[in-house]
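In what follows, a structure is listed as structure tokens, so that the remarks can point back to it.
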Amino acid sequence: MRRPERADSDPGEVLLEARDLTKHFPVRGHSLVGGRQVLRAVEGLSLAVRAGETLGVVGESGCGKSTLGRCLVRLTDVTSGTVSFHGRDITRLSRRQLRPVRRDLQLVFQDPYASLNPRRRVGDILSEPMQIHGYGDRRAIARHVQELLEVVGLNASHVDRFPHEFSGGQRQRVGIARALAMNPKVIVADEPVSALDVSIQAQVLNLFLDLQDEFALTYVFIAHDLGVVRHVSSRIVVMYLGEVVETAVTDPLYDRPGHPYTEALLQSAPDVEDEEVAPRERILLTGDVPNPVDKPSGCPFRTRCPYAQELCAREHPPLREVAPGRHVACHFPLVTPTGDVAQHALSAGGSGSAR
């Protein structure tokens, strides 16, 4: 398989960017006070993805991660805000105008079976994007299909098989091969290993890393498993109720989380413990995730946060830089400007509550 050309993508260049991205879904029925209700899946979110990096997006189920991914590749239209690719605003492009963009911006779906047409052979599934984009004649397409299968660790002789004849991990490899068909620059991977057995997850994750090295790919890697995200990501975006609550380089974020929600997520995953980090009491989250149709006032996390103060109920915290390379949407971040643990984070919790 030929290596894609990258002359138009400098290392560190912003390839994909979202600014004030908002996606609302109408909810059936009406509120008690009148008017139509909306589910705020993504709310004023901004991020930038640079060439060659893997941006991990983490958060609990229902926080808007998958909606964000679909908005980034324009499978879902946004309510407001912009999505730019290579500096070009693609937010309002028509399907025809998006066609050349699709070559460079691809999505790997969560469910490797539902995303593949069960009535079509793998060879037909992989050749379809090449036929749409005019890759070459029939012989060139057939040769490229075989190369794709080999690149993702499958046998070229499997070209005539149907999706149900593969295991879950093999089907996800087919999905990855389809995303690679037109030599994309950016791949958005939406929970690509969550539907796989644990024994297979590591193999697929290593495949993602190998492909990134071989084809100079840039990833947006969406997952709820913090161990998975740490394994593949260079930077992390933490989402809660459709908003970004923290962004940081991977290792500093895992060593010293800056947002109480990030700390709670990390403490729920024992495999990311670090003995060198100063010990502090665990955050115990209480209550359920608020309804995205009716979010709390002020900070969306305040109803579950042990550090919440009265200010948290009055004012929505902006996403601000609290340490070099660390942005946190919290009035009382857990790290100082030098990157150390904040004093209030060493105690059992805040001095007050605003539930």
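In the range 125-157, what residues are among the acidic types (Asp, Glu) and over 29 Å from the mean Cα position of the chain (by Cα)? Can you show your working first?
Let us first name the residues in the range 125-157 that are among the acidic types (Asp, Glu), namely 128, 137, 147, 150.
Once the filter is applied, which keeps residues that are among the acidic types (Asp, Glu) and over 29 Å from the mean Cα position of the chain (by Cα), the range 125-157 yields only ASP137.
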Handout entry: Cβ-Cβ under 8 Å pairs, at least 6 apart or on other chains, the range 327-344 side under 12 Å from TYR307 (Cα atoms), far side among the aliphatic types (A, V, I, L, M) and in a helix (DSSP H, G or I)
Key = HIS331/LEU311; LEU334/ALA345
Practice task
Return yes when VAL188 is in contact (Cβ under 8 Å) with a residue 60 or more places away in the chain and in contact with a strand residue (DSSP E or B) (Cβ under 9 Å, 6 or more places away or on another chain) and no when it is not.
Solution key: yes
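When only residues in the range 78-96 that are of a type outside the set (A, V, I, L, M) and in contact (Cβ under 8 Å) with a residue 40 or more places away in the chain count, which is surrounded by the most Cβ atoms within 10 Å (Cβ to Cβ)? Reasoning before the result, please.
Going through the range 78-96, the residues of a type outside the set (A, V, I, L, M) turn out to be 79-82, 84-89, 91-92, 94-96.
If we keep only those that are in contact (Cβ under 8 Å) with a residue 40 or more places away in the chain too, we end up with 79-82, 84-87.
Working: THR79: 16, SER80: 11, GLY81: 18, THR82: 15, SER84: 16, PHE85: 23, HIS86: 18, GLY87: 9.
Ranking the candidates gives PHE85 first.
Restricting attention to the range 215-223, does a residue exist that is touching a strand residue (DSSP E or B) at 6+ places or on another chain (Cβ under 7 Å), surrounded by fewer than 20 Cβ atoms within 10 Å (Cβ to Cβ) and hydroxyl-bearing (Ser, Thr, Tyr)?
If we filter the range 215-223 for residues that are touching a strand residue (DSSP E or B) at 6+ places or on another chain (Cβ under 7 Å), which is where we start, we get 217-223.
Right, trim to surrounded by fewer than 20 Cβ atoms within 10 Å (Cβ to Cβ) and you get none.
Within the range 215-223, not a single residue is touching a strand residue (DSSP E or B) at 6+ places or on another chain (Cβ under 7 Å), surrounded by fewer than 20 Cβ atoms within 10 Å (Cβ to Cβ) and hydroxyl-bearing (Ser, Thr, Tyr).
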Fill in the blank from the handout: Checking ASP137, ASP160 in turn, the sole residue that is in contact with a Gly (Cβ under 7 Å, 6 or more places away or on another chain) and either more than 21 Å from ASN206 (Cβ to Cβ) or exposed (fewer than 13 other Cβ atoms within 10 Å of the Cβ) (or both) turns out to be ASP160
Fill in the blank from the handout: Of (1) under 26 Å from ALA114 (Cα atoms); (2) touching a Phe, Trp or Tyr at 6+ places or on another chain (Cβ under 6 Å); (3) of a type in the set (Phe, Trp, Tyr), TYR219 fails just (2)
Exercise for the section: Confirm whether LEU148 is in contact (Cβ under 8 Å) with a residue 60 or more places away in the chain and surrounded by 13 or more Cβ atoms within 10 Å (Cβ to Cβ). Expected result: yes
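This table checks each residue for (1) among the basic types (Lys, Arg); (2) farther than 30 Å from VAL38 by Cβ.
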position	(1), (2)
GLY81	no, no
THR91	no, no
LEU98	no, no
SER115	no, no
PRO118	no, yes
TYR135	no, yes
ARG139	yes, yes
GLN146	no, yes
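Read-outs throughout are calculated quantities, based only on the coordinates presented, and are distinct from any laboratory measurement. Being a predicted model, the structure only gives us computed values, none of them experimental. No Cβ is skipped: glycine too gets one built from the backbone with ideal geometry, and neighbour counts run over all protein chains shown.
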